[in-house]
Ligand code: F6R
């Protein structure tokens, strides 16, 4: 049931602190994380394969893993796997991330990887799903069932689990020591509280943002970790509001997309602690009369030396420069904005047109 909420989507958005707490508590003592970390650190190359929102969670994982474990992983959109799978080898490992565990493209991707002899680890929310059955090993997000078509709580649960995994891998290969690992895990344990504050801060900003978002198109930009959060924000806006939203790494602005900027074009800048250079991108956009909104942890300092006209700030809870916390702090604003915009425009966010919860066709 919707438990008093108008739609499943908003219920599931508000359920997120609980969902990620379940993910943390359900996995922290489970030897599966240690086993997965051992499998990963004894493999040659790491590929990540997923579709849609799960792909964005994989991108977050890839950035965190590069930072903490100094390990490069290759994120491949599931439906693109067949164009590279001939390069896979038997000492490679593929992590398939899928909320449902049933997505056709992701299932095909792991079948092709298996043919090349690669090992497969599934990260899903559904016990006994097809992807689980065809993988060598599985981890579970334990977010509880998600009914809204737009993935929300399962996204942050995937990130929670993958960040836990990243700290286990980093410890396993000794790029962090026991204290650093425990530190990260302690921060993650605290993430549900931060996420709760972030939901509240986002709610407060919604009337301003609805007014801000007056054009049929918008950009959502970020660097580093922020580019993955931006991609997820743009997907949420597209799929349920039917407004165009485009994301790309902010540094690419000057290589073409900035040509579209006109007066009052909405530009969101997702500002993470791995990417302070982003201030320059905000200034470039504002100088061309875009309306810029910088979404950032309150304690992250951005040097905006020049004219701050047209630059607004969405201050979210502080992250203390802990990169792992920032997806929980910066994602909710876009989920709630997408939801409220959809409702405002008269659409049912639980049943976006042309989409199914689980895509089991090619
Ligand atoms: C977006 C959305 C889709 C799914 C994608 C993958 O809100 O729901 O983009 O994320 O179809 O689904 P799973 O994770 O079940 O493989």
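Could you look through the range 281-314, keep only residues that are outside any loop (DSSP other than H, G, I, E, B) and out of contact with any helix residue (DSSP H, G or I) (no Cβ under 9 Å at 6 or more places or on another chain), and pick out the one that is farthest from residue 192 (Cα to Cα)?
So the residue we want is 287.
Only one of 58, 73, 98, 62 is under 20 Å from residue 326 (Cβ atoms), at pLDDT 95 or above and within 14 Å of the ligand (Cβ to nearest atom); which?
Testing whether each residue is under 20 Å from residue 326 (Cβ atoms), at pLDDT 95 or above and within 14 Å of the ligand (Cβ to nearest atom) leaves just 58.
Within the range 315-348, which residues are in a loop (DSSP other than H, G, I, E, B), more than 19 Å from the chain's Cα centre (by Cα) and within 16 Å of the ligand (Cβ to nearest atom)?
347, 348
Determine which member of the set 122, 118 is in contact (Cβ under 8 Å) with a residue 40 or more places away in the chain, more than 9 Å from the ligand (Cβ to nearest atom) and crowded, with 20+ Cβ neighbours inside 10 Å.
118
Across the range 185-202, what is the number of residues that are surrounded by 23 or more Cβ atoms within 10 Å (Cβ to Cβ), more than 11 Å from residue 319 (Cβ to Cβ) and touching a strand residue (DSSP E or B) at 6+ places or on another chain (Cβ under 9 Å)?
Total satisfying the criteria: 1.
Given the criterion crowded, with 24+ Cβ neighbours inside 10 Å and either within 18 Å of the chain's Cα centre (by Cα) or free of Cβ contacts under 8 Å to residues at least 60 places away in the same chain (or both), identify the matching residue among 170, 166.
Going through 170, 166 in turn, the sole match is 166.
Out of the residues in the range 125-139 meeting the condition of being in contact with a strand residue (DSSP E or B) (Cβ under 6 Å, 6 or more places away or on another chain) and either within 11 Å of the ligand (Cβ to nearest atom) or assigned to a strand (DSSP E or B) (or both), tell me which one is farthest from residue 32 (Cα to Cα).
In this case the residue turns out to be 131.
Among the residues of the range 150-163, are any crowded, with 19+ Cβ neighbours inside 10 Å, within 16 Å of the ligand (Cβ to nearest atom) and farther than 28 Å from residue 1 by Cβ?
Among the residues of the range 150-163, at least one is crowded, with 19+ Cβ neighbours inside 10 Å, within 16 Å of the ligand (Cβ to nearest atom) and farther than 28 Å from residue 1 by Cβ, which makes the answer yes.
The values are calculated or read from the model by the stated rules, or taken from the named source; none is laboratory data. Keep in mind that what you see is a predicted model, and the values were worked out from it rather than measured. Positions of Cβ are generated from backbone atoms using ideal geometry, with glycine treated the same way; all protein chains shown enter the neighbour counts.
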